[in-house]
Amino acid sequence: MSNDLQKLLKKFMEEYESELNAARKDKDFKRPLGNIVRKDIAHLIGAQLLENIYKVKGSVGAGSWADVPWVGVFDKRVTTSAQRGVYIVYLLNKATKELFLTLNQGVTDVVTASNSKAADNLQNRAQSIRSIIGSFPGLESNLIGSGSKAYDAGCIYYIKYTLDSLPEDEKLYSDLNKFIEAYKAYYDKVFLKSEENDVQVKVGEEELQVEQQIKKIFEYINSKGFVYDEKLLKNFYLSLKSKPFVLLAGTSGTGKTRLVRLFAEAIGAYGSGRYKQVAVKPDWSDSMDLFGHVNLDNKFVPGAIVEFIKKAADDPNKLPYILCLDEMNLARVEYYFSDFLSIMETRDWVEDEIVTDNLVPKICYSGDEDAEKLYSNLMIPENLYIIGTVNMDETTFPFSKKVLDRANTIEFSYVDFNLPESISPNETEAIEVKNEFLRSDYLKLRTDCIDKWEAVKKYNEDITKINSVLEKSDSHFGYRMRDDIIFYMLHNDEFDLLPKKEAFDNQIMQKILPRIQGSSESTANILRELFKICAGSFTDKNGQTDGLKMKSYLDGNRMPDYPKSAEKICKMFRRYEDDDFTSFWV
């Protein structure tokens, strides 16, 4: 055995303290050891586990290097966050250079709690769990010394490694499997049966899984008297998760703005100052309207969203902030929003935090030192999510491909006037979600998706097939759109929210079809070819496909591979036949 894991763990143990000191001194957090922990070690461990159950994540801190770095193994049915729940985690004591492999409890909330009994509660819970799942040969249970009192108190079982006793890979993986067995026992005997057993660990204390959180949000919105399809909500969530910029477009009065506000209410953002709705003005012509300008007194006047962005950036808990740009295309989006879109594309990882370039260059403050001190280092924070509402009528402007390529465009056009038989008078309580609920797990395909590469290749084949159709008339898209579609699909795979074909159908509708418009025969040919892909079994033996044949096929009780996209293409093609022009906004 090559002992790759042993070599990396040894490097981690030996060098972390000196790298931490150097990182803090130089304020340089992009050091190679960070990538070894977050990528290389996590990848080696993840390769030994079942991808559909376990998620492996390494961290040396968010924004700055941590005193106790870790590599966690999460059963996605239990938790995917180090903040709460039970998970396997390697903890490094940088001072003693000891590495602890532990079955542990999430401790972030405990660390920040003012309750002096928090550590005792963790120890009691650990003892309760041990009494239910039993003992495991080779796993210790007395107090560890990780360098964190909370981690020490939350430890259920552990194995300690020193530099002198660090075993070879065969033993390291064997030890990990022992913890997997203990973790499985926790899942079966505690997590699933907590309501049946009289123990201190309750289901309510565990992190709600994404599907459960979405269900709670769905119930809250419907309790307010607004009925949105649950699959629409899942699609909306996946779109925000893939990239923090989503467009809700379509018929006026269909509840686009209301959905944004209700979603913000449901996740605890609306009443806590973490929601802002900005009405776009028709005279907005450049980024000064959003970011700010210098007045005649040479003082910087913040724009419509700068103070809200700063508030999100300064939030110590990094809770999600929702910004709604209402009627976004009353002005030309490319004029006032292009700078923001460009900065959004600079998103990158600095350890566990997503950072961007600065929003406003220093030169824009014209010597206003107070404003420069407040805003010059302001970036797009990772906990800011922007939703634009869009009406497509004679009063608004169309979107350029620059905008459409950077967003998921969810169409609101379906109206159902049927009323429910009755309305429950009981309102559902809102939930408060952490930023991890909405923050994307993927920014770069080649580095962030290594452990999902087989799925990446499959989705890339499907996307390439569609892009080759567009390429025939120079309408094809680039890497950014390809990656965004794959990120959406990978998030859906992880949370199992929608069937794969339905999720891909959403992406054709939201990322590809909005780009198609024109009056040329090449536009018609694109629609014909895309219809064949979306319809699945459609063939036309009697000549060139037309709108009537498309509609006849869809009305024939056949089930297309991608039904929403096939139906939309049919409508777009029939408009082309009627008007010699077509677009997504039929």
LYS243 vs. criteria over 22 Å from LEU323 (Cβ atoms) and at pLDDT 90 or above: no
Restricting attention to the range 345-363, report how many residues are open to solvent by 60 Å² or more (accessible area, probe 1.4 Å) and part of a loop (DSSP other than H, G, I, E, B). 3
Could you say which residue among ARG558, ARG574 is touching a helix residue (DSSP H, G or I) at 6+ places or on another chain (Cβ under 8 Å) and surrounded by fewer than 16 Cβ atoms within 10 Å (Cβ to Cβ)? ARG558
Across the range 397-414, what is the total count of residues that are part of a strand (DSSP E or B) and modelled with pLDDT under 90? 1
Whichever residue in the range 493-511 is more than 18 Å from the chain's Cα centre (by Cα) and closer than 21 Å to LEU247 by Cα and, among such residues, is surrounded by the fewest Cβ atoms within 10 Å (Cβ to Cβ): GLU502
Filter the range 1-27 down to residues that are loosely packed, with under 12 Cβ neighbours inside 10 Å and in contact with a Phe, Trp or Tyr (Cβ under 6 Å, 6 or more places away or on another chain), then give me how many there are. 0
Checking the condition under 12 Å from LEU103 (Cα atoms), among the aliphatic types (A, V, I, L, M) and surrounded by fewer than 18 Cβ atoms within 10 Å (Cβ to Cβ), which residue from ALA185, ALA126, ALA153 passes? ALA185
For a quick check of your reading of the model, give me the residue pairs whose first member lies in the range 92-108 and is crowded, with 22+ Cβ neighbours inside 10 Å, whose second is at pLDDT 95 or above and polar (S, T, N, Q), with beta-carbon atoms closer than 7 Å and at least 6 apart or on different chains. none
Can you tell me how many residues within the range 364-396 are of a type in the set (Val, Ile, Thr) and assigned to a loop (DSSP other than H, G, I, E, B)? 3
Condition test on LYS160, is it at pLDDT 95 or above, open to solvent by 70 Å² or more (accessible area, probe 1.4 Å) and assigned to a strand (DSSP E or B)? yes
Is it true that ALA269 is closer than 24 Å to LEU341 by Cβ, within 18 Å of the chain's Cα centre (by Cα) and part of a helix (DSSP H, G or I)? no
Given the range 277-340, what strands (runs of 3 or more DSSP E) lie entirely inside it while holding 3 or more residues that are crowded, with 20+ Cβ neighbours inside 10 Å? 321-326
Can you say whether SER565 is out of contact with any strand residue (DSSP E or B) (no Cβ under 8 Å at 6 or more places or on another chain) and free of Cβ contacts under 8 Å to residues at least 12 places away in the same chain, as far as the supplied structure shows? no
Subset of the range 428-471 that is closer than 15 Å to LYS55 by Cα and among the acidic types (Asp, Glu) - its residue that is least open to solvent (accessible area, probe 1.4 Å): ASP448
Identify, please: which residue in the range 329-366 is aromatic (Phe, Trp, Tyr) and at pLDDT below 90 and is, among those, nearest to ASP314 (Cα to Cα)? TRP349
Need pairs with beta-carbon distance below 6 Å; first residue touching a residue at least 24 places away in the same chain (Cβ under 8 Å) and within the range 452-473, second open to solvent by 40 Å² or more (accessible area, probe 1.4 Å) and charged (D, E, K, R); sequence gap 6+ or separate chains. VAL469/GLU529
Go through ALA82, ALA66, ALA42 for me and flag whichever is in contact with a helix residue (DSSP H, G or I) (Cβ under 9 Å, 6 or more places away or on another chain), under 26 Å from CYS449 (Cα atoms), among the small types (Gly, Ala, Ser) and assigned to a helix (DSSP H, G or I). ALA42
Mind checking which residues of the range 43-81 are open to solvent by 20 Å² or more (accessible area, probe 1.4 Å), small (Gly, Ala, Ser) and within 18 Å of the chain's Cα centre (by Cα)? ALA62
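The values are calculated or read from the model by the stated rules, or taken from the named source; none is laboratory data. Since this is a predicted model, take the numbers as computed values, not measurements. FYI the Cβ positions are ideal-geometry reconstructions off the backbone, even for glycines, and counts take in every protein chain you see. Note: accessible area is taken over every heavy atom of the protein model, side chains too, but ligands, DNA and RNA are not part of it. Shrake-Rupley method; radii C 1.70, N 1.55, O 1.52, S 1.80 Å.
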